[in-house]
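Reading through the structure tokens given below for one structure.
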Amino acid sequence: MPHQNIHPGLIRSLVELAREISEGQYGHADVLFDFTREDSHPPEIVELAESFGMMMVQVEAREYRLQQMIEELAAKNRELERTLAKVQMLESIKNQLGKFVPCSVKSLIESNPTCPDLEKRDEDVTVLFLDIAGYSRLSEEIEQSRVNYLIETYFSNFLDIILQNRGDINETAGDGLMIIFRQPDPVAHAVNAARSALAIEEKTRLLNEAHRDLFTPVTVNIGINSGLCSVGSTRFQGRAGARWTYTASGPVTNIAARISAIAKGGAILVGEETCSRIQDQFAFSAMSRHQVKNIQDPVQVCRLLSPKS
């Protein structure tokens, strides 16, 4: 039989070459190809060497494709890392901006980042203004760091109350806050404003008690008014660039601010429209007329006392 004429050393050499190929070593490929010479080796050796050579070519091709895939995956991974870094940066920017931007604006931007609807439109809202009475006097009597601590402590506690009642802090001004309550139901946002005011009144009492050894008791005056406002963004353009604000503007807001200004001794004063909406749920003092700054006609207000049992 033909294989009886094959020298055992040839078989061992081919076996060793095949083992090297299986381990990814191709340094002796020229030796393998030498075995495919028909004029030097038996046909069986030539055929076996050709099979090993074809296997080596196929393995090399697979390794090459695998290496290409690894390089492509590495490139995609680098791109993903760059994208993730951008996302993290944008998320950080959003979180930082969130400290200064009203919640309503954040929601509008998040719902449509490329073209948020910030245009002004008429909307029924309840506006609440509050201020800390005697802020200027406090600033003169105690050091600024203690004044800052006082304001941050009280306002931080007020923030939880406002958010629980679906209010949105729109503006801050040292000793005061402007808060907008917006829900589809005009009674609902008026109720939420009243609940917030009463909760702030109670929280102020508790904070005063807790800080009685540090500060003179703080008095927080509140004015509330409801009705149709122009809600949206306003753009101010100057030489240095544009400045945007998002607020509720119009007579309803102006009257809420004036009502807050005439509140004394920690009173919660409510405009006539707000009172009419929530009088079934809250107790009020008798209605009274007040002439307020920059408003031609007297304003009807009443004092919010408590929820009805």
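Odds and ends about this structure:
- Pair residue 262, residue 82: separation of 7 Å Cα→Cβ label points (nm): 6.4 nm
- Ordering 66, 25, 8 by Cα displacement along the dipole of segment 2-78 toward the positive end leaves 66 in first place; charges were set at the Cβ atoms of Lys, Arg (+1) and Asp, Glu (-1).
- Ordering 193-201, 179-187 by mean Cβ neighbour count within 10 Å, with the highest value first, yields 193-201, 179-187.
- Rg/Rh for segment 120-307 stands at 0.98; both radii use Cα atoms, and Rh follows the Kirkwood definition.
- Most fluctuating residue given options 129, 33, 236, as computed from a GNM of the chain linking Cα atoms under 10 Å: 33
- 3J(HN,Hα) couplings calculated from phi for segment 44-56 with the Karplus curve 6.51 cos²θ - 1.76 cosθ + 1.60 (θ = phi - 60°) are, in sequence order, 4, 5, 4, 5, 5, 5, 5, 5, 5, x, 5, 4, 5 Hz; Gly and Pro show x.
- The stretch between residue 183 and residue 50, if pulled fully straight at 0.36 nm per residue, gains 39.7 nm over its current Cα-Cα span.
- Charge dipole magnitude, Cβ of K and R +1, D and E -1 - the chain, Cα centre, debye nearest 20: 2360 debye
- Each helix, a run of at least 4 DSSP H residues, gives -39500 (n - 2.57); summed and divided by the residues of the chain, these come to -17000 deg cm²/dmol at 222 nm.
- Between residue 70 and residue 209, residue separation times 0.36 nm minus the direct Cα-Cα distance comes to 43.3 nm.
- Selected from 211, 41, 189 as most flexible by GNM, with the chain as the system and alpha-carbon contacts under 10 Å: 41
- Contact order for the chain, expressed relative to its length and based on alpha carbon pairs under 8 Å spaced 6+ residues apart, stands at 14 percent.
- Of 119, 273, 81, the one that fluctuates the most in a GNM where the chain has Cα springs shorter than 10 Å: 81
Read the figures in this text as sums done on the coordinates, not as results from a lab. Treat the numbers as computed from the prediction; the structure is a model and nothing was measured. As a convention, Cβ positions derive from the backbone with ideal geometry for all residues, glycine included, and neighbour counts pool all protein chains shown.
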